[in-house]
Amino acid sequence: MGTEYDVAILGAGASGLMLAARLERRHSVLLIDSNRSPGAKIAVSGGGRCNLCNLTLSTDRYRADPDFIRPVFDRYDQQWLLEWVGQRGVAWHPEAQGKIFCDRGARSLNRLFAQAIPPGVFIAGERIVKVEGKGPFRITGQKRSYSARTLVVASGGRSFPKLGASGIGYEIAESYGHRIETTAPALVGLTLQPDEFFMKELAGISTEVELKVGERRWRDRLLFAHRGLSGPAVLNASLWWEAGEIAIDFLPGISLEKLQGSRQLTTLLPLPKRAARAFLERLGIPDRPVDRLSDLHRRRLRRLKAYRFAPAGTFGYGKAEVTRGGVSTREIDPYTMQSRRQAGLYFIGEVLDVTGELGGYNFQWAFSSAAVAADALNGTLG
């Protein structure tokens, strides 16, 4: 088995890279990933633009136990992250809804980590098969085996399987007695039941909506797609939707009572014409001026303010940006990220049952949880 390392990090995504960059050089560190280069998921985030974080940071933006994530963000928030990358040459700028993007895209962030991590730390193209032992941990890969005093699981979730995502992090956690909260694709498009298949004919059309799941609402763009519905409003909704109906206001900010004039409905409604025509046909409403509509047709028109239906499912892990669920945070110390069940075993990033909405919140969690783990390891390793 050879060298016994102080720390082995499984996964060279956002959390694993941040941890490797912040560990003190006196430690011997091994960073293992199945991809040929680190930061593969960072490279494709936001189409390569890299939504680093958000100017606002609230536990309400996360599907997670707020008491678990709050102490992490109290120590390492968005201001810390922006200062940290800025001091290392990554320029950034804010855009709509407080989203922070790297000026030169994901490449600049991956370049930062490449410079911050010592040579020889990264082991590429190695898929982990299993982990055994309790210090040292014995790590079996497809190519060879490794040994480490401390093990950090930063393997992410099941989304983006083409980039090597798998359930190995959950398998490791279960082997040490950890509970796995049910996983599912999140920040992903929603598929349609047959009654709503007419929306597929609108593929490529985008419109602003207000979408509601339970008591949560999002006002943002909706994109009609060949497989169903996508766009920011839908992706955020998918984090919270599990089954049952959603409600979509296709006329946000518009009062139907104030609509008037001699123009046809398809011209009057603030929807792309093809979408307006399709919805009028679906609802059995003639395309005529509002003042010529019957009471029945007016009532049907109100459905556009709260169009309710139950999605059939999601586009799946292959299209999902993140995975909902994961290692139960009840068994993790939020002040160290160490397992409460096994000393020397740590979990950071997406593998945990912490999932954020769109807007940089998942990168923030990955980086912040890694920073907490780094502090703990720097303080405890000899």
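The values are calculated or read from the model by the stated rules, or taken from the named source; none is laboratory data. From a predicted model like this one, the values you see are computed outputs, not experimental measurements. When we count neighbours, we look across all protein chains shown, and the Cβ atoms used for this are built from the backbone with ideal geometry, even at glycine. Quick note on the areas: whole protein, heavy atoms, side chains included, nothing else; ligands and nucleic acids left out. Shrake-Rupley method; radii C 1.70, N 1.55, O 1.52, S 1.80 Å.
Points worth noting:
- Total residues in the range 249-277 satisfying the condition of being touching a residue at least 60 places away in the same chain (Cβ under 8 Å) and either open to solvent by less than 20 Å² (accessible area, probe 1.4 Å) or of a type in the set (Asp, Glu) (or both): the figure is 2.
- Phe160 vs. criteria under 22 Å from Ala40 (Cβ atoms), in contact (Cβ under 8 Å) with a residue 40 or more places away in the chain, among the aromatic types (Phe, Trp, Tyr) and open to solvent by 30 Å² or more (accessible area, probe 1.4 Å): yes
- All positions within the range 215-247 that are exposed (fewer than 15 other Cβ atoms within 10 Å of the Cβ) and closer than 18 Å to Ala312 by Cβ: His226, Glu242, Ala243, Gly244, Glu245
- Residue that is farthest from Pro194 (Cα to Cα), among those in the range 215-242 that are hydrophobic (A, V, I, L, M, F, W, C) and touching a helix residue (DSSP H, G or I) at 6+ places or on another chain (Cβ under 8 Å): Trp218
- Some residue of the range 142-157 being modelled with pLDDT under 90 and not hydrophobic (A, V, I, L, M, F, W, C): no
- Checking Gln87 against (1) under 21 Å from Glu350 (Cβ atoms); (2) more than 22 Å from the chain's Cα centre (by Cα), the condition it does not meet: (1)
- Ala165 being within 29 Å of Gln342 (Cα to Cα) and small (Gly, Ala, Ser): yes
Residue by residue, here is whether (1) open to solvent by 30 Å² or more (accessible area, probe 1.4 Å); (2) outside any strand (DSSP E or B); (3) in contact with a helix residue (DSSP H, G or I) (Cβ under 6 Å, 6 or more places away or on another chain) holds:
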site: Tyr5; (1), (2), (3): yes, no, no
site: Ala8; (1), (2), (3): no, no, no
site: Ser15; (1), (2), (3): no, yes, yes
site: Ala20; (1), (2), (3): no, yes, no
site: Arg25; (1), (2), (3): yes, yes, no
site: Arg36; (1), (2), (3): yes, yes, no
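- Test for Pro136: is it in contact with a Ser or Thr (Cβ under 8 Å, 6 or more places away or on another chain) and either among the hydrophobic types (A, V, I, L, M, F, W, C) or surrounded by 13 or more Cβ atoms within 10 Å (Cβ to Cβ) (or both): yes
- Selection within the range 339-364 - under 10 Å from the mean Cα position of the chain (by Cα) and on the phi < 0 side of the Ramachandran plot: Glu350, Val354, Thr355, Gly356, Glu357, Leu358, Tyr361, Asn362, Phe363
- Filtered residues of the range 102-131 (kept if part of a helix (DSSP H, G or I), open to solvent by less than 30 Å² (accessible area, probe 1.4 Å) and among the aliphatic types (A, V, I, L, M)): Ala106, Leu109, Leu112, Ala116
- Gly86 vs. criteria at positive phi and modelled with pLDDT of 95 or more: no
- In summary, Arg298 fulfils each of the numbered conditions (1) modelled with pLDDT under 95; (2) of a type outside the set (Asp, Glu); (3) under 15 Å from the mean Cα position of the chain (by Cα); (4) in a helix (DSSP H, G or I) with the single exception of condition (3).
- Residue identified as open to solvent by 40 Å² or more (accessible area, probe 1.4 Å), free of Cβ contacts under 8 Å to residues at least 24 places away in the same chain and farther than 23 Å from Ala173 by Cα among Arg308, Arg299: Arg299
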